[in-house]
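What follows is a set of notes on a single structure, which appears directly below.
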Amino acid sequence: MTREMHISEPDLRVLAEDLVRGGTRLIGPARPPGKDGAVVYREVKGLDEIVLVGDPPARSLKEFFLPPTEVLFTYRQKQGDVELAPAPHVFPPQVVLGARPCDAAAVSVVDKVMDWDYHDELWFGRRQATTIVSVACSGGDASCFCTAVGLAPDVAKGSDVLLVPVEGGFHAEILTEKGEVFVAAHATRFAAGGRSEAAMAYRAAARGKAEANLRTDPAKIRAFLESSFEHPIWEGIALRCHGCGACAFVCPTCHCFDIVDEAESVATGARRRNWDTCQTAKFTLHGSGHNPRKGQDCRIRQRLMHKFAIYPGRFQEILCTGCGRCVRICPGGMDLLEMLDRIGREPAAPGEAGRGAP
């Protein structure tokens, strides 16, 4: 059951100092040190660096649970044997302070596939070590559409503690057992009793702003996708796509990767996991030269199928949190809101349902 409290901004500042002083890694949305660059999630030393309120950072939280590249194990050849040394899967504690709710929710969504046919120890090692304190956003910008995928600017999903800005500080909702442990460890920084009425007003305004960007029915989108595998709509949608994969790399829920063995010397090396994306031509290229997704129309179709039909069918979760990063970063001007709005208006048609990996 959710427990409500209050924390003032000065107390939140001291809490952040307590964490850093105690050796806990503190992560928050911040600009590069001493620069005016884009806000990204990075390690910080205090609350002064964190941008608590505003649009989603340019990159998501994904890299703190699934790094762009990481070692799975190292190997050493020794005469006729090979010695393997797995990467450690126990990590030091870290706290994300100021996570946007769409990013916190994304981590929870990806949990499903990371514990599907194989329990990913590296992913869950970082998950176990991390406490997520999110801050309800004000509704984002014109590219945000969290409400269209069943979420909201104040959604609690994936967060251990949710802060809602109110006068004099933040209304705090303790949501999980991990959140209870966190608050108990910093009990002197929190005050009993929340600010429910002020928080409700903030939330209502934020939801209204996000809802205005896109109103559609995910069930209709899924029905169209599952019945329109060969629909000519895909050729038109794909015309602007460069196949660069930028959308996947900033996406909080895209999780495709490849695995390679990299030699470091004659006798030593490492097996690494690296981010990859279904939007590049080589992603499905066979050794024979055959490519089942040889055109960009097929690859765009796979991206939308995966997010709005395949993943929901397997895990009952939409593989999208409506953060809008793919729209903001696309060099070709691809707009997912436009695509979803158009697809949501198309009638489902008889046809072969698409297939793809989870």
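Is there a residue in region 200-210 that is in contact with a strand residue (DSSP E or B) (Cβ under 7 Å, 6 or more places away or on another chain) and either farther than 23 Å from Val96 by Cα or part of a helix (DSSP H, G or I) (or both)? Yes, some residue in region 200-210 is in contact with a strand residue (DSSP E or B) (Cβ under 7 Å, 6 or more places away or on another chain) and either farther than 23 Å from Val96 by Cα or part of a helix (DSSP H, G or I) (or both).
Can you list the strands (runs of 3 or more DSSP E) found entirely within region 1-119 that contain at least 1 residues being of a type in the set (Val, Ile, Thr), outside the structural domain of Ser196 (by TED's automatic domain parsing) and out of contact with any Ser or Thr (no Cβ under 6 Å at 6 or more places or on another chain)? Output list reads 69-78, 81-86.
Regarding Pro56, is this residue under 19 Å from Gly158 (Cβ atoms) and at pLDDT below 95? Criteria met by Pro56.
Taking region 243-268 as the range and being touching a residue at least 40 places away in the same chain (Cβ under 8 Å) and at positive phi as the test, only Gly243 passes. Arg127 meets the conditions (1) assigned to a loop (DSSP other than H, G, I, E, B); (2) of a type in the set (Lys, Arg); (3) crowded, with 17+ Cβ neighbours inside 10 Å in every case but one. The failed one is (1).
Answer with yes or no whether Phe249 is within 23 Å of the chain's Cα centre (by Cα), within 30 Å of Ala85 (Cβ to Cβ) and either buried (at least 20 other Cβ atoms within 10 Å of the Cβ) or modelled with pLDDT under 95 (or both). Yes, satisfied. Of the residues contained in region 264-277, one or more are found to be under 30 Å from Cys102 (Cα atoms), modelled with pLDDT of 95 or more and part of a loop (DSSP other than H, G, I, E, B).
Every residue, every condition in (1) surrounded by 15 or more Cβ atoms within 10 Å (Cβ to Cβ); (2) over 17 Å from Leu15 (Cβ atoms); (3) among the charged types (D, E, K, R), yes or no:
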site: Ala30; (1), (2), (3): yes, no, no
site: Lys35; (1), (2), (3): no, yes, yes
site: Ala38; (1), (2), (3): no, yes, no
site: Tyr41; (1), (2), (3): yes, yes, no
site: Ile50; (1), (2), (3): yes, no, no
site: Asp55; (1), (2), (3): yes, yes, yes
site: Arg59; (1), (2), (3): yes, yes, yes
site: Lys62; (1), (2), (3): yes, yes, yes
site: Val71; (1), (2), (3): yes, yes, no
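Residues that are crowded, with 17+ Cβ neighbours inside 10 Å and either acidic (Asp, Glu) or within 14 Å of Leu151 (Cα to Cα) (or both) within region 212-225 comprise Asn213, Leu214, Thr216, Pro218, listed in sequence order. Of the residues making up region 171-186, those that are among the small types (Gly, Ala, Ser), in a helix (DSSP H, G or I) and either outside the structural domain of Arg127 (by TED's automatic domain parsing) or touching a residue at least 40 places away in the same chain (Cβ under 8 Å) (or both) number 1.
Considering each residue of region 303-317 in turn, at least one proves to be at pLDDT 95 or above, in the same structural domain as Cys251 (by TED's automatic domain parsing) and not in a helix (DSSP H, G or I). Within this structure, Glu70 passes the test of being of a type in the set (D, E, K, R) and over 15 Å from the mean Cα position of the chain (by Cα).
What about Arg100, is it in contact with a Cys (Cβ under 8 Å, 6 or more places away or on another chain), within 23 Å of Gln128 (Cβ to Cβ) and not polar (S, T, N, Q)? Give the derivation first.
On the way: in contact with a Cys (Cβ under 8 Å, 6 or more places away or on another chain): yes; within 23 Å of Gln128 (Cβ to Cβ): yes; not polar (S, T, N, Q): yes.
Yes.
You will find that of Arg222, Arg240, Arg203, the residue that is charged (D, E, K, R), under 24 Å from Leu12 (Cα atoms) and touching a residue at least 40 places away in the same chain (Cβ under 8 Å) is Arg203 and no other.
When Ala152, Ala142 are screened for being assigned to a loop (DSSP other than H, G, I, E, B), of a type in the set (A, V, I, L, M, F, W, C) and more than 30 Å from Ala184 (Cβ to Cβ), only Ala142 passes. If you check Ala136, Ala58 for being in contact (Cβ under 8 Å) with a residue 60 or more places away in the chain, under 15 Å from the mean Cα position of the chain (by Cα) and under 29 Å from Glu167 (Cα atoms), only one passes: Ala58.
Listed residues Thr188, Thr176; which is more than 23 Å from Val327 (Cα to Cα), hydroxyl-bearing (Ser, Thr, Tyr) and loosely packed, with under 12 Cβ neighbours inside 10 Å? Write out each step before concluding.
On the way: Thr176 fails: loosely packed, with under 12 Cβ neighbours inside 10 Å.
It is Thr188.
The values are calculated or read from the model by the stated rules, or taken from the named source; none is laboratory data. Owing to the predicted nature of the structure, the values given are computational and were not obtained by experimental measurement. Note: ideal-geometry Cβ built from the backbone for every residue, glycine included; neighbour counts use all protein chains shown.
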